[in-house]
Amino acid sequence: MQSFRTELENPLVEKDIIELEQKIRAFRKGKIPDEKFRSLRLARGVYGQRQQGVQMVRIKLPYGKMTFSQWKRIADISDEFSTGNLHLTTRQDIQIHFVSLERTPELWSLLEEESITIREACGNTVRNVTASDAAGIDPDEPFDVTPYAHAIFEYFLRKPFCQEMGRKFKIAVSSSEKDSALVFMHDLGIIPIIQKEDNQIKRGFKVVIGGGLGAQPHLAVTAFEFLEEDRLLPYIEAVLRVFDRHGERNSRHKARIKFLIQQIGIEAFQELVVAEQKAVALHRIPIDTSKFETVQLPEIPFQLPTYQIADPFRFELWKKSNVKQQKQDGYQIVYVRVPNGNISSDVSRRLIEKLKPIVANDIRVTITQNLQFRFVKPEHLEYVYSVLEAEGLALPGYGGPADIVSCPGTDTCNLGISSSTGLSTVLSAIIEAEFPQYLDQEDIAIRISGCMNSCGQHGIGTIGFHGSSMKANGQVIPAVQVLIGGGNLGNGNGRVANKVIKLPSKKAPDALRLLLNDFTQHKIENETYLDYTFRKGEKYFYDHLKPLGDLSLLKADDYIDWGHAEKFATAIGVGECAGVMIDLVATLIFEAEEKLEQSRVSLDNAAYSDSLYQSYAAFMHTAKALLLNQEVQCNTQAGILKDFDQHFTAKGLYKAHPSFSELVLQINQQAPSEAFAATYFKQAVLFIEQAKLFKEKGVIE
């Protein structure tokens, strides 16, 4: 591996990239344990995939926005470092696969030249901030939430208190009460609200917290009906600090914030957040919205080239479902269905070349794995369609049942059990061929995941499937769990789908046919599919689909998964989407020393709040190391403090302070200041030195 240096101007970015290269070298030489290195690379967007020896790199696009030059850079990078495919995700990221680990620093450097990051795209961090794709052009929005989504992204990037949380943390921002960003299924979500007070208009947000999907879905609960706009960032910071300290760390399946809130209740959680406000440097942070008020439209009048539409009828269908009005007069929104979220680099470059002159320099990746073009003039729609048609992307039915959300599943993911993309392709074709009347019916949402972890969001599909397996005739066959009745109710409310029945994967098309034919025959006039599922109930659908579960009627094809030629066999690896636990004593001490060095740098740069949290992290890593050395397991940071006093202070093994917990929790009892940060840093340095001598003397003096 050749030495790598970046010429980037941002010293933080340069340090990040060089550090990644150095850590890769150290890992290859066996100087860093695998689990520690995995945690480090995940926080830098580098994710292991099903195939050994290659990585998936997740490119972070806050609220899904990219410029034409950024899109082209990603396409070019995919050609050089990957396979030429760009995978659009439900988190509005772009993923590229089969990347060599050694080349990830160079890849990252090239992205940063276009102001694109991979930092904190994976791991136990604040993940990409998603938002309604129509933010800024939504006719229903009280105000544009784009500046607020961007402020959240910028503020929490590289923040010390959210680098090594117990689990990931997902934030969504909706543009209106319609909640097109689906805040109800997020760790934290906000919806814009305007209030009038003393003849003045005040901006604020409804805030919901504690939502999530996965194997145990939870709907978010309301934290605030109205939170003033300048209190948003301080509130989120306090939430993250509480989650970092009190969230589960031993069992990752119980480590999301939804479990913490479920355990202690929303009232107790809010009390912890209020108490944590003392540690937050600023209690009000105004958000500058001015730089988002200018739209980058084409500057030079564009003479359309000669073009031709092959299928005028399909064009009319496409206009009906894929074109929306935006709030700015004279412009429309164009949505592009991208099957399975996969678009090639070659197609990307051709779209950039042909569409750049007539649409805004603001392309959005949607949470349904599609693309959005904005500020399109009505007279340019035919040309836009012709360009998409030539690339096989002029598919009607955006937002309808044929526009299926699916994760990569067994294509690349370690946790995939059965194929999601193969099934998605088949079901989408059935909708278009057999149920064209439902093509633009947006209340029927089909979502498919390769396993129960819900990356394809099957838990909120009106019709959902997740990958599984079954035993039949002494053999294992690919299967899907069918779910019915999930969906968005608006204003931060939603419904989780009910698990109905498990079927062989090859029976899923018949299941879809039965469900839609049943709806056609028995629905009430103007009844939505979601209302229909609620009216009929779970048992009704179980009885309806039960005949498909007869395993005595299996054929040879049922033993082969969608998109595969070989016989099915489960091959589940170790998932990385949640990060890893690190329990090595020596590694923890090493990490503590790293945190202290970071604290010292922050202190020198007058970043007192950051310095305090880095010193706090040093305390926690060291205390955990000592507890593990005594064979005491550690679940939460709050538990570490309690356990340390129980096993060390109370037994006279720790004599430096009457209460270790009180010493460490000074961090949320005092406001950040130079004097406090310097004192706290010295106390952390002393504690690490004491810990190193513990084995020699058996007492921390």
* **Rounded if a/c under 1.5, otherwise prolate or oblate - region 242-283, Cα gyration tensor axes** => oblate
* Within a Cβ distance under 15 Å of K291, other residues only, what is the Lys/Arg minus Asp/Glu net charge? -> -4
* To do: Rounded to the nearest 0.05, what FRET efficiency do R600 and S673 give with R0 = 22 Å and r taken as the Cβ-Cβ distance? Could you check?
  => 0.85
* **Structure-based [θ]222 nm, the chain - -39500 (n - 2.57) summed over DSSP H runs of at least 4, per residue, nearest 500** => -11000 deg cm²/dmol
* To do: Starting from the Cα-Cα distance between E566 and N473, subtract it from 0.36 nm times their residue separation and give me the gain in nm to one decimal.
  => 31.7 nm
* To do: Count the net charge of all other residues whose Cβ sits under 14 Å from the Cβ of L107, scoring Lys and Arg as +1 and Asp and Glu as -1.
  => -3
* In nm, to one decimal, how far is the D288 label point from the I352 one, both placed 7 Å along Cα→Cβ? -> 2.8
* To do: Kindly rank 500-509, 638-647, 261-270 from highest to lowest mean number of other beta carbons found within 10 Å of each residue.
  => 500-509, 638-647, 261-270
* Neighbourhood charge, 14 Å Cβ-Cβ cut-off, centred on G392 and excluding it, Lys, Arg +1 and Asp, Glu -1 -> -2
* Nearest-ten-degree value, helix 608-629 long axis tilted from longest Cα axis of the chain -> 80
* **Whole-number percent relative contact order across region 1-149, with pairs defined as alpha carbons under 8 Å at least 6 apart** => 27
* To do: Classify region 632-700 as rounded, prolate or oblate from the Cα gyration tensor: take a ≥ b ≥ c as the square roots of its eigenvalues, call it rounded if a/c is under 1.5, otherwise prolate when a/b beats b/c and oblate if not.
  => oblate
* Specify whether the C-alpha gyration tensor of the chain places it in the rounded, prolate or oblate class, a ≥ b ≥ c being the square roots of the eigenvalues: rounded for a/c under 1.5, otherwise prolate if a/b is larger than b/c and oblate if not. => prolate
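Values quoted throughout were computed directly from the atomic coordinates according to the rules given, and no laboratory measurement underlies them. Remember, predicted model here, so these are calculated numbers, not experimental data. Note: ideal-geometry Cβ built from the backbone for every residue, glycine included; neighbour counts use all protein chains shown.
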